[in-house]
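Q: Following this message is one structure expressed as structure tokens.
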Amino acid sequence: MTGKLSATLAALALTAGLGLAGGPPASAAYCGITWGSTAKVATSTLRPAPITDVRAGRHACFDRLVVDVRRRTAGYTVRYVGAFTGIGSGETIPLRGGARLSVTVNAPAYNQAGQAVYQPVDPRRVVDVAGYTTFRQVAYGGSHEGYTSFGLGVRARLPMRVFVVPGPGAGSRVVIDVAHRW
């Protein structure tokens, strides 16, 4: 009986060691990432300041999109959508990738005189994300009534986080990180 019990315990230990007894413990997370894929929304009563630039960067565990705003931002809404549509027009803008994020920054792309402050050279390719692990395309959705939208085509519906970083100076940056995997 002791031999059978030892063999059974050894088999269970081997199975657990190979990961056959289930996934990792609930506390384990890829690169420590514990974000989800639900919508991220933040608003404030600040008067919106114009967007001045959009850029992207690659990191070990996620890809990052940064939207620069001239002063403190009045907020954002970032969510996965079935189709990305232009702000104001409602026209569908195709995006490469298996999933689409709609990024709306509560800031115009024009100044108080209505002159464009931010205008991408190629609205369908705002930032070159060739070779990125998660990002597939960044498209401009327009700016209307103090809001500016971008479509972010990503490889799949993956965890994301959004936050605002103050600076430089009186400006701020809306940061969107999308994990490389779950």
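Q: State the percent of C-alpha pairs, over all pairs in the range 33-182, separated by a distance greater than 20 angstrom.
A: Pairs farther apart than 20 Å: 43 percent.
Q: Okay, moving on. What residues qualify as long-range amide H neighbours of Gly142, i.e. H under 5 Å apart, gap of 5 or more or another chain, H built at 1.01 Å from N?
A: Ile87, Ser149
Q: In debye, nearest 20: dipole of the range 102-182 around its Cα centre with unit charges on the Cβ of K, R (+) and D, E (-)?
A: It comes to approximately 380 debye.
Q: Would you mind calculating the gained length between Ala29 and Arg58 on full extension (0.36 nm times residue separation, minus the Cα-Cα distance), in nm to one decimal?
A: This chain segment gains 8.5 nm when fully extended.
Q: Can you list residues whose amide H is under 5 Å from Val127's amide H, if they're 5+ apart or on another chain and H is modeled 1.01 Å from N?
A: Val138
Q: Can you give me the long-range amide H partners of His180? Hydrogens built in the peptide plane at 1.01 Å from N, cutoff under 5 Å, separation of 5 or more residues or another chain.
A: Phe62, Asp63
Q: Moving on. For a quick protection proxy, order the peptides 121-127, 160-166 by their average other-Cβ count within 10 Å, most packed first.
A: Highest mean packing first, the order is 160-166, 121-127.
Q: Whole number in Å², please: accessible area per residue of the range 64-182, 1.4 Å probe, ligands, DNA and RNA not counted.
A: Ligands and nucleic acids excluded, the result is 45 Å² per residue.
Q: Let me ask something additional. Looking at Ile176, Ala60, Val126, which one has the Cα that reaches farthest to the positive end of the dipole of the range 44-181 (charges on Cβ: Lys, Arg +1; Asp, Glu -1)?
A: Of the options given, the answer is Ala60.
Q: Also, quick follow-up: By per-residue mean of other Cβ atoms within 10 Å, what is the highest-first order of 58-65, 105-112, 40-47?
A: Put in order of decreasing packing, that is 105-112, 58-65, 40-47.
The values are calculated or read from the model by the stated rules, or taken from the named source; none is laboratory data. Model, not experiment: these values are computed from the prediction. As a convention, Cβ positions derive from the backbone with ideal geometry for all residues, glycine included, and neighbour counts pool all protein chains shown. Only protein heavy atoms, including side chains, enter the accessible area calculation; ligands, DNA and RNA are left aside. Shrake-Rupley method; radii C 1.70, N 1.55, O 1.52, S 1.80 Å.
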